[in-house]
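A.B. asks: Take a look at this one; I'll ask things after.
The values are calculated or read from the model by the stated rules, or taken from the named source; none is laboratory data. Model, not experiment: these values are computed from the prediction. We place every Cβ from the backbone using ideal geometry, glycine too, and count neighbours over all the protein chains shown.
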Amino acid sequence: MAYEYLGLCEKGQGGQLIEDGSTRLGGRIPVNVSGGLLRKGHPIGASGAAQIVELTEQLRGECGKRQVEGAKIGLAHNGGGMIGLDAAATVVTILSNEED
């Protein structure tokens, strides 16, 4: 659902985005090419920092085998706490290596 809410695809198309390989390394919209926060052990309280480090390394071209070719813009989406089925707080960070 986050893909849809972030505008990466139309509503109801998030699953298709994954199934057709668009979110894989080398795909149209690479997502979590590091394995995401689960691979990092989901460091509660440091999740956002881990995301920013990954984006920074991607934008600097320092990610080796998981490098997104030609990365120019990175987006981190992080939520915390719960109110019902939704995150109580959500932060979206967009970084770029392009100069104005």
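A.B. asks: It is to be established whether one or more residues within the stretch 19-37 are assigned to a helix (DSSP H, G or I) and assigned by TED's automatic domain parsing to the domain that holds Leu75. Explain how you work it out, then say what you get.
C.D. replies: Going through the stretch 19-37, the residues assigned to a helix (DSSP H, G or I) turn out to be 19, 36-37.
Okay, now just the ones that are also assigned by TED's automatic domain parsing to the domain that holds Leu75, so 36-37.
Checked against the condition, which is being assigned to a helix (DSSP H, G or I) and assigned by TED's automatic domain parsing to the domain that holds Leu75, the stretch 19-37 yields at least one hit.
A.B. asks: Could you grab me the full set of residues in the stretch 38-67 that are in a helix (DSSP H, G or I), aliphatic (A, V, I, L, M) and over 19 Å from Asn97 (Cα atoms)? Don't jump to the end; show me each part of the working.
C.D. replies: So in the stretch 38-67, the residues in a helix (DSSP H, G or I) come out as 38-39, 47-60, 64-66.
Now narrow it down to the ones that are aliphatic (A, V, I, L, M): 38, 49-50, 52-53, 55, 59.
Selection gives Leu38 alone.
A.B. asks: May I pose another question? Just checking, does the stretch 36-51 include any residue being on the phi > 0 side of the Ramachandran plot and within 13 Å of the chain's Cα centre (by Cα)?
C.D. replies: First, pick out the residues of the stretch 36-51 that are on the phi > 0 side of the Ramachandran plot: 36, 41-42, 45.
From the residues that got through so far, the ones that are within 13 Å of the chain's Cα centre (by Cα) too are 36.
Looking for residues that are on the phi > 0 side of the Ramachandran plot and within 13 Å of the chain's Cα centre (by Cα), one finds at least one in the stretch 36-51, hence yes.
A.B. asks: Continuing with this model, one more query. Among the residues of the stretch 71-96, which ones are part of a loop (DSSP other than H, G, I, E, B) and either hydroxyl-bearing (Ser, Thr, Tyr) or modelled with pLDDT of 95 or more (or both)? Reasoning before the result, please.
C.D. replies: So the first thing to find is which residues in the stretch 71-96 are part of a loop (DSSP other than H, G, I, E, B), and the list is 71-72, 84-85.
Selection gives Ala71, Lys72.
A.B. asks: Here is a further query. Please count how many residues of the stretch 1-18 are in a loop (DSSP other than H, G, I, E, B) and crowded, with 16+ Cβ neighbours inside 10 Å.
C.D. replies: Initially, the stretch 1-18 is screened for residues in a loop (DSSP other than H, G, I, E, B), giving 1, 6-13.
Next cut, crowded, with 16+ Cβ neighbours inside 10 Å only: 8-9.
Residues that pass the stated criteria total 2.
A.B. asks: Is it the case that the stretch 24-44 has a residue that's surrounded by 11 or more Cβ atoms within 10 Å (Cβ to Cβ), of a type in the set (D, E, K, R) and more than 19 Å from Leu6 (Cα to Cα)?
C.D. replies: Narrowing the stretch 24-44 to residues surrounded by 11 or more Cβ atoms within 10 Å (Cβ to Cβ): 24-25, 27-34, 36-37, 40, 42-43.
Still in the running and of a type in the set (D, E, K, R): 24, 28, 40.
With the extra rule that they be more than 19 Å from Leu6 (Cα to Cα), the set shrinks to 40.
For the stretch 24-44, residues surrounded by 11 or more Cβ atoms within 10 Å (Cβ to Cβ), of a type in the set (D, E, K, R) and more than 19 Å from Leu6 (Cα to Cα): present.
A.B. asks: Among the residues of the stretch 59-98, write down those that are over 25 Å from Tyr5 (Cβ atoms) and either among the small types (Gly, Ala, Ser) or in contact with an Asp or Glu (Cβ under 7 Å, 6 or more places away or on another chain) (or both).
C.D. replies: Gly61, Cys63, Gly64, Gly70
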